[in-house]
Every structure is written in C-alpha cells, then in structure tokens.
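The values are calculated or read from the model by the stated rules, or taken from the named source; none is laboratory data. If you're wondering where the values come from, they're calculated on a predicted model, not measured in any experiment. Quick reminder, even Gly has a Cβ in these numbers, built from the backbone with ideal geometry, and neighbours come from all protein chains shown.
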Amino acid sequence: MSAQAPAVETQRRSPDRERELRDGRRAVYRHPLPVRVWHWLNVLCVIVLIPSGLQILNAHPALYWGKASSFAHPWVTFGAFGSIGDGPAFPSWITLPSWQDLADGRSWHLFFAWIFVASGLAYVIYALASGRLANTLWPSGSELRGIGRSIVDHLRLRFPEGEEARRYNLLQKLSYIAVLFVVLPLMVVTGLTMSPGMDARLHLLTEVFGGRQSARTIHFLTACALVLFIVVHLAALLAAGPLNELRSMVTGWFILARRRRAQTP
C-alpha cells in the first residue's frame, strides 16, 4: 500500500530545488541565503551612501577633470555654485545628515563604504567558489545571440514566464555582471584615489585617472550609473510582480507563474 502524498505541497529532488504548491504552481529556490544577505546589506549601504555622498558634494557642488580644481572652469556644477548667499545644491531631505556637516557626511560615507566593499568581496568569493558566477550569472553564447529579442521583450514589458522564469534572463545577467565587475570596482578604486593618505602611498592610481579631480568626477558618474541600475531594477520589479519578487528575496523561493496560452482567433 503506497503512502499518500502530502496535501499542501510535495518536495521534489532536483538540482534547482523545487516544490509543488497546493494550487498546482511550482516554486523554485532561486536565491540562496548568502545572496539574500548580500542583497539586503547592499540595500542598507546604498540608503546611507547616496545621501551621505550628496552631503559631501554639497560642500563643493562642482566637478572637474584633471589634477586640480579650476573654479572658473568646472566640468559641471550643481545648484547655484559660486553664488554667495544661495542655499546648498541638494536639499536637506536628501542628504545625510540633513544639516550641512561635511565631517559627519564623510564619517557616514566611509563607514558604510567599507561595509559595501567587504560584502562585495565576500559575494565575489562565494560566487566563484559555489559556481554561481558560471552557472547563474554568466550568459551563454546562445543567450547573447538573442539580445535583440530580449531588449524588445523588456521594452514591451514582456517578462519570462513558466520555465523561462526559473533563472535570470539575459539583460539581468548582463546588468549584474556590469555592476559587479565594472561599476562597483571603478567606484571603489576612484574612492580610494580621492583619499590623501592613499594618494601618498599609491600615487599610481592618481596618475591612472589623470588626477584626483578626475577620479572624483568618475566616482560621481559611477554612482549615477548605480542609481540608474537601481531605478531600472525597481521598475522591473514592479512590472514583473513585486510580491513574488520580494518574497523570493526574503525566503529564497520564487513561484513560477503558469504560462498564458496563446489565444486562437
């Protein structure tokens, strides 16, 4: 006499760890614990780094190229730079602290920047050691050949369904790879270049970027790229279904939606 299957859900053995829910849908274990911890730690760091960075920029709201800042010819300015009596370039509600305090802004920024760097290094080590980089994040040749169709689908807000939603899609993989191995390392290195102590010990970094002011500008541009990634990430989350996406980043389990059948005329 065979044992009766559980009424609520049954666990299946598979490389992807999936289970069947009561309503017939399937859930796959898409986000391991280290990935979820890294994700939410990054959320905390970004919440502090962006406003504290704007606090620092408020002290001198202008960017330059080269080794020195030529006040008369900045590359770009923010707010009423150079005008006496005008308020800060960025309002108090978006800076940390809310009042003008360069020292506190730097303290907040540097403390959480090091947490950001440490967690990023830990994640890269985990991704390499576990095979997540090669098996989950790195796109295949066939995926790259279909990049045009993937872009069109995203522009039309057509997101993968059913089995296709089991793993990251091509644009997700490319954006994660770009952020992880281009934007974040560049942001860290330019941040170190702006440090007077690091400049004295590793002056080569300063020369690579053409001066501390150039490094400051590149640091700002990489921060803008990160903010753009976050905005697109949140927009895609809302369009794809925020409840399922957020639940998967909390519990690790992502529910696969049933593929809609094509309607016949």
TODO: All but one of (1) out of contact with any strand residue (DSSP E or B) (no Cβ under 9 Å at 6 or more places or on another chain); (2) at pLDDT below 75 hold for residue 16, so report the exception by its number.
DONE: (1)
- [ ] Hey, can you tell me all the residues within segment 185-237 that are part of a loop (DSSP other than H, G, I, E, B), surrounded by fewer than 17 Cβ atoms within 10 Å (Cβ to Cβ) and not polar (S, T, N, Q)?
- [x] 202, 210
Open item on the list: Out of 132, 156, I need the residue that is free of Cβ contacts under 8 Å to residues at least 24 places away in the same chain, among the basic types (Lys, Arg) and farther than 20 Å from residue 226 by Cα. Which one?
Closed with: 156
TODO: Could you tell me whether residue 163 is touching a strand residue (DSSP E or B) at 6+ places or on another chain (Cβ under 8 Å) and modelled with pLDDT under 95?
DONE: yes
Task: Where a residue in segment 90-106 is in contact (Cβ under 8 Å) with a residue 40 or more places away in the chain and its partner, wherever it lies, is aliphatic (A, V, I, L, M), with Cβ under 7 Å and at least six apart - done: 94/54; 95/54; 96/48; 102/56; 102/59; 105/56; 105/96; 106/56
TODO: Within segment 240-250, count every residue that is surrounded by 13 or more Cβ atoms within 10 Å (Cβ to Cβ) and of a type outside the set (Lys, Arg).
DONE: 6
